[in-house]
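Participant: Sharing a structure with you now.
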Amino acid sequence: MKNNNLVKTVRFFAGFMTMLILGIPAASQSLTVSDVQTVIAQAVSKAASLNRNVTVSVTDNEGNLLGTFTMTGAPSMTRIRSVGRAGQGLEDLLVPSAAASHSKAGTAGLLSSGGNAFTTRTASFIVQEHFPPTIDNRPGGPLYGVQFSSLPCSDVAIAGMPLGLSGDPGGIPLYKSGVAVGGIGVEGDGLYTIDRNPYDNDYSFEEEIAVSGSRGFESPVDIRGDNILVEGIRLTFANITNPSVVATIPFGSLPGAVTAPVTSAPASDYVPGVLNGVSGQYSSRFPTVAGSLLSLAEVNQILGLAADTANRTRAGIRWPLGSNARVSIAVVDVNGAVLGIFQQLDAPKFGLDVSVQKARSSMFFARSDAGAKLTAAGMGSYVTRAAADGLPLNGTTAFSDRAVGYIHRPLFPDGLNGTSAGPLSTQLADWSPFNVGLQLDLILPALTNPPMVCGTAARTKRRGLPPCPCSTIPEVRNGLQIFAGGIPLYRGSTLVGGIGISGDGIEQDDLIAAGGAQNFAPPEAIRSDNVFVRGTRLPFLKFPPRPYL
């Protein structure tokens with residue numbers, strides 16, 4: 001047994017080191033047309049053996065859709081439903097099943113890396129009103145709100161997910177030689193939801209089919225979500241990990257039709273680079289530039305200090321223990337323009353869009369006209385509620401993204417049962433992961449106007465055309481993010497931009513953001529941790545214990 005484990009470990013690191021040396025996955029570690037066909041054929045063959053008709057999608061690890069297959073008789077639509085009232089937010093909305101399978105596949109691929117393998121069931125575990133779910137008087141999940149990122153309307157996401165990131169079981173990551181290369185998503189039960197109770201070991205045929213599709217492309221066992229602990233709490237992975245094997249039907253004889261062309265993974269959006277001695281990569285679409293109030297040298301300094309901090313920070317969600325954090329780092333101007341993005345090698349790709357959301361959100365809420373802009377966008381009820389809680393949203397407070405998230409929880413103080421909602425949240429009686437409050441309401445028209453206004457944004461990016469905005473507020477054009485890892489940047493008392501970090505534990509994200517912002521920190525007197533709401537002090541930053549390696 002020990003020899004077998006040693007062989008697995010050697011193989012894992014051999015694949016991992018290949019990626020590190022090259023900066024991007026080698027061709028042998030990307031999904032080919034044959035790979036995509038194999039994954040789909042294995043999944044559909046399993047579905048046929050179970051007498052289930054499903055839609056199967058495969059993406060690469062940057063979210064690009066590599067193919068969708070719809071079985072004969074599979075439901076064409078699926079219903080979004082969780083615990084909220086029908087008709088509120090996205091609750092009870094009918095959406096194409098292919099949109100759900102695509103979002104599930106993309107979620108598994110975007111959330112996973114060489115150091116962590118997460119599924120849509122994992123995502124569900126970390127986005128609910130309590131963490132862990134069902135445990136009263138615990139704070140919200142560490143990635144509460146991440147479901148509304150990597151949207152097709154985003155100007156940052158490489159290839160947005162039609163429904164954002166998914167918590168509906170049935171999305172499984174795909175690996176080659178220990179390298180994360182994508183995900184498979186399965187939809188077929190007519191219900192797009194989340195796993196509200198992770199302890200009941202519920203059965204999902206969608207999950208069984210997705211796991212079957214991943215045969216030969218499995219994630220290394222050591223890095224699966226159920227081997228990773230956050231605050232001593234073991235995350236979830238899948239309730240079915242070793243389904244029975246059935247004979248694979250040849251791809252050309254599968255019962256159904258290809259409904260999105262099968263392709264190989266396109267060239268990566270990233271280009272290798274080194275910043276402040278840290279190996280990583282830049283987005284080919286966002287060169288590092290000067291802003292209206294930050295010079296090019298200052299932007300590089302902020303990015304570089306954050307990268308150096310990350311390289312010394314003990315990772316929160318990576319295997320093996322003792323690894324350094326791997327994150328995406330973004331700096332934005334006061335108008336929300338992206339001034340620079342740097343991503344450490346093997347950072348989870350979901351952090352690209354989220355890091356910019358965090359930078360923009362913390363910058364936006366520190367603006368003197370934040371309340372006015374929200375009101376003009378039709379969000380005045382939230383501005384009124386915030387003002388009633390002593391938060392005028394007029395630039396007098398430097399909100400970190402942790403603080404923004406704290407007042408955007410359905411229980412305030414965060415997680416305490418029997419309390420009222422924070423001023424930016426939906427009240428608990430109407431709340432669900434599909435109806436969270438300001439974050440969703442701001443982008444709801446872009447997601448739901450028929451036909452879906454931004455439904456072809458990912459394809460237009462391939463042609464070099466801009467996607468439509470998620471929000472009518474240009475400073476937060478890809479939407480808000482409401483979990484920790486963003487800080488507004490100041491020169492003296494003047495707001496000059498924002499920094500956002502995403503990809504590891506949220507305390508690590510806060511620490512790395514502080515490292516990058518150390519020469520542009522907000523004046524202490526106006527930080528959000530000087531403000532009390534309903535007798536409770538708001539947070540600013542929270543750092544992990546024993547933070548450095």
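Where a number appears in this text, it was derived from the coordinates with a stated rule and is not lab data. Everything numeric in this text was worked out from a predicted model, so none of it was measured. Cβ placement follows ideal geometry from the backbone for every residue including glycine, while neighbour counts extend to all protein chains displayed.
Participant: Can you pull the one-decimal nm distance between simple spin-label points at Asn449 and Asp369, each 7 Å off the Cα toward Cβ?
Facilitator: Those two pseudo-labels are separated by 2.2 nm.
Participant: How high is the FRET efficiency between Asn227 and Tyr199 when r is their beta carbon distance and R₀ equals 22 Å, given to the nearest 0.05?
Facilitator: Here the calculated transfer efficiency is 0.80.
Participant: So, one more: Between Leu50 and Asn335, what's the calculated FRET efficiency when r is the beta-carbon distance and R0 is 56 Å? Round to 0.05.
Facilitator: According to the calculation, E is roughly 0.60.
Participant: Let me ask something additional. With each pseudo-label sitting 7 Å past Cα toward Cβ, what's the Thr536-Ala521 distance in nm, one decimal?
Facilitator: The two pseudo-label positions are separated by 2.6 nm.
Participant: Moving on to the next point. Within segment 155-207, which chymotrypsin sites (Phe, Trp or Tyr not before Pro) sit in a loop by DSSP and count at most 12 neighbouring Cβ atoms inside 10 Å?
Facilitator: Tyr199, Tyr203
Participant: Hey, what do the phi angles of segment 138-149 turn into as Karplus ³J(HN,Hα) couplings, whole Hz, using 6.51/-1.76/1.60 and θ = phi - 60°, x for Gly and Pro?
Facilitator: For segment 138-149, the Karplus curve yields 10, x, x, x, x, 10, 3, x, 5, 4, 9, 9 Hz.
Participant: Long-range amide H contacts for Tyr192: which residues qualify at under 5 Å (H placed 1.01 Å from N, peptide plane, sequence gap of 5 or more or a different chain)?
Facilitator: Arg79, Ile80, Arg81
Participant: Would you mind checking the pairs Lys358/Lys542; Lys104/Lys358; Lys46/Lys349; Lys176/Lys349; Lys104/Lys349 and listing those with alpha carbons more than 25 angstrom apart?
Facilitator: Result: Lys46/Lys349 exceed 25 Å.
Participant: If you don't mind, another one. Ratio of Rg to Rh for the chain, alpha carbon only, Kirkwood?
Facilitator: Rg/Rh for the chain comes to 0.95.
Participant: In addition: What are the principal axis extents of the Cα atoms in segment 259-390, in Å, biggest first?
Facilitator: For segment 259-390, the Cα extents along the three principal axes come out at 47, 46, 33 Å.
Participant: Cα centroid distance between segment 391-412 and segment 116-189, in Å?
Facilitator: If we compute the Cα centre of each part, the gap is 24 Å.
Participant: Apply the Karplus parameterisation 6.51 cos²θ - 1.76 cosθ + 1.60, with θ equal to phi minus 60°, to every residue of segment 175-185 and state each ³J(HN,Hα) to the nearest whole Hz, in sequence, with x for glycine and proline.
Facilitator: 10, 10, 6, x, 9, 5, 10, x, x, 10, x
Participant: Among DSSP beta bridges whose residues both lie in the chain, state the antiparallel percentage, nearest 5.
Facilitator: 95 percent
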